[in-house]
Amino acid sequence: MNFYQLAIKNVTRNLRSYLAFYLSSSFAVMIFYIFAMFIFHPALEEGFINNVARKGMTVAEWVIFVFSILFVLYSVSAFLHTRKREFGIMTISGTSPKQMRLLLTAEIMFIGLASIVTGIAGGTILAKMFYAAGGYILEMETLRLYFPWKAIGITTGVFLLLFFIISQCILFFINSETTVALLKGSKIPKKEPKPSFLLSLLAFILLGIGYGMVLKAEINMSTAVIIFIVIVIGTYFFFSQLSIWLLKLMKKNRRFYLKGYHLLSISDLTYRVKDNARLFFIVSIVSAVAFTATGVLAVFKSNMTVENTEYEIEYLSLPENTTESDHIRLIEDSLSESGYDYTTQTFETIDTRYKSAEGLTPVLILSQEGLLKSFPHVEVEPLEDNVGIYFLDNRGSRSNADIPRFIKLVDSPNTIKVKRIEDSILSVSTALVVNDQTFEKIKKTLKTSTFHGFKYKNWKDSTEKIRVLESQIFGDYSHVDFYFLAKANVYFQTVQIPSLSLFIGLFVAIVFFFAAGSFLYFRLFTDLEEEREKYKALAKIGLTEKEMKRSATWQLGILFFLPFIVAAAHTAFAMKVVEREVLFDIFTPTIITIIGFLLLQTLFFIIVRISYFKKLTASIND
């Protein structure tokens, strides 16, 4: 038997341990490959939006690859831990470091090649689903399938290089320990965990400070960095100190501790939490990032829209504007040259301000007659004098509480009572519709402005043209007596770019989430041999299979769901920051996001539990 046959034999003999490493690596390859297919798609070679999408995907591609390096390193180190005794026996049998490296290189490359093949195959199968999801989230036309030879080449090349480099570094994990330590494996006695009360208190204080700043402090870049650092440090000490200290307190409750299988479960859990504190810390932070990215995507997709406004281009000329005619001609020429059939609407309005809790807030005053002519689909009942209907804009306030009941106009004696608040009809500003008599009274004290609206179809395709037009109109911004707003540009800034960023973040988050679950899986089966010996000994003194399952289920539940609960708490407070910044309702999207990931985590827990119990019960029956 040569070394390559021995490597294949080792892989097949340790198939269960290698299977998790293989599946996790295949998943990382698949996501990388799908992103590469998107980046090199022929339909994305031209166009401003497509160029932005490609750049964003490229950044995400290499973020995933860097994370894959760390993930594969951890996976390999966890797997090698289970084979310490095997390596020790090989060492005393005369296997040289060069031979050991050759054997392990063959094993890792064999698994790596299999992961690359299945990852590319899986990515090809799921590509259409990925394109459909991307088309829905980004509101782009669904991309067609093509033969992605560039994507296949890059994916194969970078992951072959990754697996080769990892295989060459593996020997450092082995050579760092003596032969005796390798032979003992994980049978070295562990000291009882002794948490620090001061560090436990520090964890509680840091988490309290972080959460308190989220709720009360003004959020800017510096405070966001402080909150992040405080939460991360607090989370680490929570798992490494505070959680163990809480388990120690549970031990002091003798009635609870000595009841049933609690003595076994809590004692064992104390060691497990201590041993896995760093892993729990990583999993909780990674999961919180995944939950938050997905939650923000859900919030933006459920709230961001510009399609309910009437005009695709809005131009408001203020009284002092001397370039109105030139700008209107420029807009018309641009639309005509681009082949758009457009219609225009012009009406008189008053651009003014009113006093609110936030200071002076801009608003456009419209007459009821002008509203009916320019917005025939908007139904407004006859209004009384000095009574108006307030229409939000797409960037305006989020709730009725932000709008005063009585609006006192600046530089005018008129005060308008707000009858009700409606959704936006304009993007350029909020609007206040009053009857014709009130409008005429306001005109006597304030100058009027002219609004020009342009309507045309397929406006989402005009982003590139609009950006050129915008630069021509605004020039050097030296003297601006007008407002110019295009729906395509607003859509690009407030919907497409956030959706693209969050779409990328969602898939990166999914990679992180599955990696976090795999970390737990690897760690669990790394300690399996030790757990087998423990339950064998307990079975000899009377522990039944039912009691063993209850104890193990309780411990597995803590291992899987304690980091999840911490991550969910971090996500809830992170989404609170999002709510303060974007002024959207985040409760429903956040709950749906966390429940969705909870279902995935529960499914993963059930699968692992079944596999884990098969191994434990087999040892007891033996």
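Data for the structure
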quantity	calculated
Cα-Cα over 31 Å, subset of K251/K549; K443/K465; K419/K460; K444/K465; K150/K576	K443/K465; K419/K460; K444/K465; K150/K576
Paramagnetic reach from Q345 in the stretch 432-449 [backbone N under 16 Å; point 7 Å along Cα→Cβ]	432-434
³J(HN,Hα), Karplus 6.51/-1.76/1.60, whole Hz, each residue of the stretch 558-572, x for Gly, Pro	5, 4, 7, 9, 5, x, 5, 4, 4, 5, 5, 5, 4, 5, 4
Simple label model, 7 Å out from Cα along Cβ direction - K55 to K417, nm	5.3 nm
L538 paired with L603, simple spin-label distance in nm, labels 7 Å along Cα-to-beta-carbon	3.0 nm
Sites L201 and I92 - FRET efficiency at Förster radius 45 Å, r taken between beta-carbons, to 0.05	0.40
Exceeding the 26 Å Cα-Cα cut-off - candidates K408/K487; K373/K447; K128/K614; K417/K487; K252/K614	K408/K487; K128/K614; K417/K487; K252/K614
Formal net charge of residues neighbouring S338 (Cβ-Cβ distance under 10 Å; K, R +1; D, E -1)	-3
Between the stretch 319-340 and the stretch 427-475, the alpha-carbon center distance in angstrom	13 Å
Low-density loop positions, GluC sites (Glu not before Pro), the stretch 339-374 - DSSP coil, at most 10 other Cβ in 10 Å	E358
Potential lengthening between A224 and K252 on full extension [0.36 nm per residue; Cα-Cα distance subtracted]	6.2 nm
Computed FRET value (nearest 0.05) for F147 with N458, which takes r as the C-beta separation and R₀ as 30 Å	0.50
Peptides 570-578, 225-233, 446-454 ordered by average Cβ neighbours within 10 Å, highest first	570-578, 446-454, 225-233
In order through the stretch 407-412: 3J(HN,Hα) via Karplus (6.51 cos²θ - 1.76 cosθ + 1.60), integer Hz, x for Gly, Pro	9, 9, 6, 6, 6, 8
Prolate/oblate/rounded call for the stretch 328-394, Cα gyration tensor, a/c under 1.5 rounded	oblate
At most 12 other Cβ within 10 Å, DSSP loop - trypsin sites (Lys or Arg not before Pro), the stretch 323-379	none
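A short reminder: the numbers here are calculations on the coordinates, not readings from a lab. Nothing here was measured: the structure is a model prediction, and the numbers come from that model. Cβ coordinates were reconstructed from backbone atoms using ideal geometry, including for glycine residues, and neighbour counts include every protein chain displayed.
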